[in-house]
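The values are calculated or read from the model by the stated rules, or taken from the named source; none is laboratory data. Just so we're clear, the structure is a prediction, and the values are computed from it rather than from any experiment. Don't worry about glycine lacking a Cβ; one is built from the backbone with ideal geometry, like all the others, and counts go over all protein chains shown. The area values use the complete protein model at the heavy-atom level, side chains included, leaving out ligands, DNA and RNA. Shrake-Rupley method; radii C 1.70, N 1.55, O 1.52, S 1.80 Å.
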Amino acid sequence: MMPDFRDKMKDKKRIVIKIGSSSLHHAETGDLDYTKLDVLVRELCDLRNRGKDVVLVTSGAIAVGKKAVPLHYEGEDSHIAVKQAYAAVGQARLMMTYQKIFAEYNQVAAQILMTKNTIVDDLNRFNAQNTFAELFKLGVIPIVNENDTVATYEIEIGDNDTLSAIVASLIKADLLILLSDIDGFYTDDPRKNPDAKYIEVVEELTEEMMEMGKASTGSDAGTGGMNTKLQAAKIANSTGIDMVIANSKDIKVIHRILNGKNIGTLFKANLDERFDLPLFVQQMHGQ
């Protein structure tokens with residue numbers, strides 16, 4: 001049964017790939033890992049050359065901004081205005097880096113910055129869908145991030161695992177790949193519990209599994225843990241999208257997953273006609 005699941009990866013036409021901050025930066029210095037970025041861009045361009053629509057959801061703006069303009073005083077970097085300033089500097093630098101690397105492979109990339117209002121507001125959502133559709137027609141690869149420069153608690157999505165699933169649902173993708181610092185979904189955090197069991201395929205995401213994810217925490221560089229990845233799986237699967245969690249240690253897993261290799265945990269789509277994406281997003285954070 002499982003090989004059939006994996007075989008269907010070859011037929012995916014519209015793919016969203018999310019990569020987190022911890023996967024983009026050197027742990028020792030916090031600076032961007034240009035080798036990984038280059039391999040990532042090459043993988044995306046190759047998928048595009050195969051005739052597939054591709055979207056990249058990328059983290060890292062705040063981390064890049066923080067390295068560019070470090071504070072000269074202590075205790076202020078947790079303030080929202082400081083984080084937004086970091087994001088303003090870092091997003092520009094991050095996009096400049098992506099644009100340069102994409103240009104090396106003769107590929108055009110575009111930037112799309114989103115908040116919760118992009119989805120909740122009917123006109124904003126409609127315009128966003130049209131923008132993505134036109135970019136795909138033009139052969140452009142959209143690069144998506146949360147608009148951290150203006151986002152506050154009331155309008156933020158909060159993490160890019162969730163954002164990537166929202167984007168996948170918005171554009172009617174058929175596959176979402178979350179690149180993380182873990183091989184896939186385990187019954188517990190394998191870094192803390194050596195008895196944690198690896199799960200290759202999740203055919204139905206249960207409440208018990210959702211509870212398992214709530215105990216996990218994210219990395220120092222990012223905002224997401226297994227909880228946000230399972231939240232992303234719930235959004236994706238409910239809107240008819242398969243999702244894979246795989247380790248970003250080797251970025252080339254992207255084309256291997258699309259070639260049907262048994263890599264990462266596959267969460268199978270279970271379309272729920274009752275699932276209302278705008279309502280779900282509106283209710284996030286209890287708003």
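Determine the gain in length on full extension of the stretch LYS172-ASP33; use 0.36 nm per residue of separation and subtract their C-alpha separation, reporting nm with one decimal.
46.9 nm
With r as the distance between the Cβ atoms of ASP4 and ALA92 and R0 = 41 Å, compute the FRET efficiency 1/(1 + (r/R0)^6) and round to 0.05.
Plugging the Cβ-Cβ distance into 1/(1 + (r/R0)^6) gives 0.35.
Rounded, prolate or oblate, given the Cα gyration tensor of region 82-123, with a/c below 1.5 counting as rounded?
oblate
What residue among LEU113, LEU71, LEU170 shows peak mean-square fluctuation when the chain is described by a Gaussian network model with Cα springs under 10 Å?
LEU71
On a C-alpha basis, how far is the centre of region 120-137 from the centre of region 23-56 in Å? Whole number, if you could?
Using only Cα atoms to place each centre, the spacing works out to 24 Å.
For region 1-107, what size does the Cα cloud have along each of its three principal axes, sorted from largest down, in whole Å?
56, 35, 25
Between VAL69, VAL54, VAL140, which gets the highest mean-square fluctuation from a Gaussian network model of the chain, Cα cutoff 10 Å?
Sorting by GNM fluctuation, first place goes to VAL69.
For region 16-74, what relative contact order do you get, as a whole percent, if you take Cα pairs closer than 8 Å and at least 6 residues apart?
For region 16-74, the relative contact order is 48 percent.
Quick one: grab the alpha carbon gyration tensor of the chain, order the square roots of its eigenvalues as a ≥ b ≥ c, and give me rounded if a/c is under 1.5, else prolate or oblate depending on whether a/b is larger than b/c.
Note, shape of the chain comes out rounded.
Could you give the dipole magnitude of the chain about its Cα centre, charging the beta-carbon of Lys and Arg +1 and that of Asp and Glu -1, in debye to the nearest 20?
Taking the Cα centre of the chain as origin, the dipole is about 1020 debye.
Among THR58, THR187, THR239, which one shows the biggest mean-square fluctuation in a GNM of the chain, springs joining Cα atoms closer than 10 Å?
Checking each option, the largest mean-square fluctuation is seen for THR187.
222 nm [θ] for the chain, helices only, -39500 (n - 2.57) per DSSP H run of 4+, per residue, to 500?
So the calculated ellipticity at 222 nm is -13000 deg cm²/dmol.
Over the heavy atoms of ARG125, what accessible area does a 1.4 Å probe trace out, to the nearest 10 Å²?
Accessible surface of ARG125 is approximately 50 Å².
At 1.4 Å probe radius, can you tell me the per residue accessible area of the chain in Å²?
48
Defining a contact as two alpha carbons under 8 Å apart and six or more residues distant in sequence, what relative contact order in percent does the chain show?
24
Can you say what percent of the DSSP beta bridges in the chain, counting only those with both residues inside, are antiparallel? Round to 5.
Antiparallel bridges make up about 20 percent of those DSSP assigns within the chain.
Decide, for region 124-193, between rounded, prolate and oblate: order the square roots of the alpha carbon gyration tensor eigenvalues as a ≥ b ≥ c, take rounded if a/c falls under 1.5, and otherwise choose prolate if a/b is larger than b/c, else oblate.
Oblate.
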